[in-house]
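Please read the structure below before turning to the comments.
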Amino acid sequence: MRVNLEARAAAAESRRAQTRARLIKAAMTVIAEKGPEASSIEDFVASAGVSRGTFYNYFPTYDDLLHALNTEIAEALDKTLEPVRSRIDDPAVLLATVTHRILAAYALDPVRGWLALRIESAAIPRQAVFEARFDAIYKSAVASGRFRDCEVAAARNLAFGAFRMGQRDMVLGAVAPDHAVDLVSLILIAFGLTPSESTKISREAFSEAKEATRRPD
């Protein structure tokens, strides 16, 4: 009897995970096809083939779904950056490269871009994976003398705030893509690098990010 109960529990958990994954996949498909403003919970449940009540069992609010979508996208994007992290020793170059890679990826994917903008105006938790990565890079840069020593939370707020505003303007078409060069350069200057070195690092990272969108790592 114990074995049967455990097997039933495992089967139920598997079905629940599958249903959740189906809802997330359906939401991504609907948003990609119809656009964010034209999408609704009714569209998501219809695409996933579940009831509205089932949707709310997994995502009590629309923002909860957005957070789940953003987490899926962030974790997938973080995996693609592993080769970058493993081959770059200079934390300043690493920060610039990762930032440009993420900006380029969001610019190419309208769903990712929109979700990032939507998060600005919603009470959705920020992605812990990106915060932890930033903190590690910044602390390494301080330890090696590349960045000035300041509270890591303050540095994170500056970098993430600049990133989000820059990405917002790029997604909305308010600035050209190479706006990112100056944006990342200014972040590096704020962290203690000289203007000339910051511009050089940012420009090279920007060019590499453009090239990386045309080929896999």
State the volume of the convex hull built on the alpha-carbon positions of the chain, expressed per residue in Å³ and rounded to an integer. 161 Å³
Separation between the Asn157 and Asp90 pseudo-spin-labels, each 7 Å from Cα along Cα→Cβ, expressed in nm? 3.0 nm
Quick one: Kirkwood hydrodynamic radius for region 6-110, alpha-carbon pairs, angstrom, one decimal? 15.9 Å
Can you give the angle from 0 to 90° between the axis of helix 128-143 and the longest principal axis of the chain, with both taken from C-alpha atoms, to the nearest 10? 20 degrees
To the nearest 10 degrees, how steeply does helix 179-190 sit against the main Cα axis of the chain, on a 0 to 90 scale? 70 degrees
Any idea what angle helix 110-120 forms with the longest principal axis of the chain, computed on alpha-carbon atoms, 0 to 90 degrees, nearest 10? 80 degrees
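Determine the calculated [θ] at 222 nm for the chain from helices alone, applying -39500 (n - 2.57) to every DSSP H run no shorter than 4 residues and normalising by the residue count; nearest 500 deg cm²/dmol. Mind dumping the intermediate values first?
Working: 11 runs with 168 residues, N = 217.
Using -39500 (n - 2.57) per qualifying helix, the result is -25500 deg cm²/dmol.
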Give Lys139/Lys200; Lys79/Lys139; Lys25/Lys210; Lys79/Lys200 a once-over and call out the pairs whose C-alpha atoms are over 24 Å from each other. Lys25/Lys210; Lys79/Lys200
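Each reported figure results from applying straightforward, stated rules to the coordinates on display, with no laboratory input. Nothing here was measured: the structure is a model prediction, and the numbers come from that model. A quick note on method: Cβ atoms are made from the backbone with ideal geometry, for glycine too, and the neighbour counts reach across all protein chains shown.
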